[in-house]
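Working notes, beginning with the structure itself.
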């Protein structure tokens, strides 16, 4: 570009170009490709500066906490949200991230542009997409802000990030340190008080404790806890995080009225004369034990999560009698594969004199097992370890809620297994004692470490045998996703 | 998931991913940033209305550039009579060449972040204030104790400095 043209370009940028200068600029640009290239670079810089400025706020600037934008109303419901989003673009553009899915966060809308201020979500989950295309799922309760599209500060909450090459270097900052992405999928879990964990689902992340000079490389399957003074190796808990791909399914489930349907079903079950126990944890968890309280399948609902070695939840129910028929069902979110045994429900001890004690678990083969003390398999049973086991893996998809159920019938001498409402198989027994309940642990066993790594929701014990149809309906009514099939 | 819900979601994803590139593309063809914002708004509505025609395995950015080019040319014909704009043939050339050169231009925009970081804080704040969406240069000049033309001169120098820095950054990151 000729040097005398540059001031003209600057005038064009400032809007102060004269007609004479414009004629000259047009002439040069029409004939000189190098001039067009340079001109394009100046305009490109101007655009990038505007983008940077819009994402920038004065350090002392006070901002309202709630997202705020103009609302219009349009006829077509499906497109309305988008139209709102599109029509107000110029006022909300250049933001670090955009909300692309919402599952049960009040007052938030799809297409909402995230600014640089601090945001709070008290319930539900959201999926954001940053300017560079990183997809981020956040589960409540959470407090976060984006100083830029490449940096997210998480003061509280669980965040899972799926980072494409274009966003390499994306950094999640916690009160105890930070996780720098090197092209990957990873998550951070920040509990109240600021202690945090970094989990790497895929690829590589550099984890830095606040006090560290350098960083530590974490690879697929690694996890680390950052505390005030130290860092410690942890087991990977990938299902502890709602993943970006999961949020649209949860959104659709809520939109389809699944939460109400689940509530109706639970209310109905409470009136069932055979009900032994029903823990839906909807508002609180009144039971004894050690566990973390986290979000259940529904926005703002509760569920126990078992993380530390001795974590468990105590349940003492149904000890008043023997149960010839028993249905056990629960929604679970399993974190870890291949632990020898993960307890869904274990009666305390396993006593020779207490025939019929119940141990319901997930095995190292990721099958479901229903063992009763003193029972034996029929000759025809295919199981090799002496206990009734399901045929299919309980984890059709990792990192999702799954519904597990087993129906025991001591008179027919059968155990029937169900995964996500679908009948899996039946095992025939030789000896079948009536089930004996009483003091028990959910998520562990009082004698040995059989911790279930993950969350449990809506655990049901029923003193009768549910039919295939009833189990299917139980699954369909309680399914947090829409149209989710195995 | 209902298909309309699904389509909303997919559109938001695609649009969000490519919005900076589309915005920059439009900006390179029109005189002012506010013009670019107006046109981008139109472009986004057209993209949404035509999204059902877009093939899921297609190149969203190329498709969006095509629509943006069309919208810009329409805008120029409309406003060209009472505004100083570039000739249509020049804009067409700029559109074609800058679309083809987008990956390099995108790296230039990314390099700006580093270069802004190298400016002294006071200068960085001032240039960010000048580029605020609703900034008025007259007010800003007054607040800074400068004349309007003085402030424009100062912005010119800062942009020059940033451009040099970006060029150095690009050289450094170019694979040898």
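The values are calculated or read from the model by the stated rules, or taken from the named source; none is laboratory data. Please read all numbers here as calculations on a predicted model, not as lab measurements. Here Cβ is always computed from backbone atoms with ideal geometry, including for glycine, and neighbour counts include all displayed protein chains.
Please work out which one of (1) free of Cβ contacts under 8 Å to residues at least 40 places away in the same chain; (2) more than 30 Å from residue A:31 (Cα to Cα); (3) within 11 Å of chain A (Cβ to nearest Cβ) is the condition residue B:92 fails and give its number.
Status for residue B:92: all satisfied but (2).
Condition (residue is modelled with pLDDT under 85, assigned by TED's automatic domain parsing to the domain that holds residue A:118 and surrounded by 19 or more Cβ atoms within 10 Å (Cβ to Cβ)) applied to the stretch A:64-82: is it met by at least one residue?
yes
Taking the stated definitions as given, is residue B:24 closer than 30 Å to residue A:21 by Cβ and within 7 Å of chain A (Cβ to nearest Cβ)? Let's see the steps before the verdict.
On the way: closer than 30 Å to residue A:21 by Cβ: yes; within 7 Å of chain A (Cβ to nearest Cβ): yes.
Yes, satisfied.
For residues in the stretch A:98-109 being in a loop (DSSP other than H, G, I, E, B) and touching a strand residue (DSSP E or B) at 6+ places or on another chain (Cβ under 6 Å), which is nearest to the other protein chains (Cβ to nearest Cβ)?
Looking at the filtered set, the residue picked out is A:108.
Would you say residue B:162 is in contact with a helix residue (DSSP H, G or I) (Cβ under 7 Å, 6 or more places away or on another chain), surrounded by 14 or more Cβ atoms within 10 Å (Cβ to Cβ), part of a helix (DSSP H, G or I) and at the interface with chain A (Cβ under 8 Å from one of its Cβ atoms)?
yes
Can you report the number of residues in the stretch B:71-89 which are touching a residue at least 24 places away in the same chain (Cβ under 8 Å) and closer than 25 Å to residue A:23 by Cβ?
Selection size over the stretch B:71-89: 8.
Looking at the stretch B:35-46, can you tell me whether even one residue there is more than 8 Å from chain A (Cβ to nearest Cβ), on the phi < 0 side of the Ramachandran plot and free of Cβ contacts under 8 Å to residues at least 12 places away in the same chain?
No - not one qualifying residue is present in the stretch B:35-46.
Restricting attention to the stretch A:341-356, report how many residues are more than 24 Å from the chain's Cα centre (by Cα) and in contact (Cβ under 8 Å) with a residue 40 or more places away in the chain.
Qualifying residue count for the region: 8.
Can you find, within the stretch B:95-110, the residue that is farthest from the other protein chains (Cβ to nearest Cβ) among those that are without any contact (Cβ under 8 Å) to a residue 40 or more places away in the chain and farther than 22 Å from residue B:173 by Cα?
B:96
Considering the stretch B:124-143 alone, what residues qualify as being assigned to a helix (DSSP H, G or I) and surrounded by 15 or more Cβ atoms within 10 Å (Cβ to Cβ)?
Residues satisfying the conditions are B:124, B:126, B:127, B:128, B:129, B:130, B:137, B:140, B:141.
Considering the stretch A:288-303 alone, what residues qualify as being assigned to a strand (DSSP E or B) and farther than 13 Å from residue A:240 by Cβ?
A:289, A:290, A:293, A:302
Since residue A:330 meets every condition but one in (1) crowded, with 18+ Cβ neighbours inside 10 Å; (2) closer than 18 Å to residue A:438 by Cβ; (3) touching a residue at least 40 places away in the same chain (Cβ under 8 Å), which condition does it not meet?
(2)
Of all residues in the stretch A:5-24, count the ones that are more than 7 Å from every other protein chain (Cβ to nearest Cβ), part of a helix (DSSP H, G or I) and farther than 30 Å from residue A:147 by Cβ.
Number of matching residues: 10.
State yes or no: is residue B:86 facing chain A (nearest Cβ under 9 Å) and outside any helix (DSSP H, G or I)? Before the answer, list the steps.
Numbers: facing chain A (nearest Cβ under 9 Å): yes; outside any helix (DSSP H, G or I): yes.
Yes, satisfied.
When you look at residue B:23, is it in a helix (DSSP H, G or I), touching a residue at least 24 places away in the same chain (Cβ under 8 Å) and within 24 Å of residue A:97 (Cα to Cα), yes or no?
No: the conditions fail for residue B:23.
Out of the strands (runs of 3 or more DSSP E) lying entirely within the stretch A:366-477, which hold 1 or more residues that are farther than 14 Å from residue A:325 by Cα and without any contact (Cβ under 8 Å) to a residue 40 or more places away in the chain?
Output list reads A:368-372, A:422-431.
Which count do you get for residues in the stretch B:113-133 that are more than 8 Å from chain A (Cβ to nearest Cβ) and out of contact with any helix residue (DSSP H, G or I) (no Cβ under 9 Å at 6 or more places or on another chain)?
3
Given the criterion over 28 Å from residue A:154 (Cα atoms) and part of a loop (DSSP other than H, G, I, E, B), identify the matching residue among A:267, A:272, A:316.
From the options A:267, A:272, A:316, the qualifying one is A:272.
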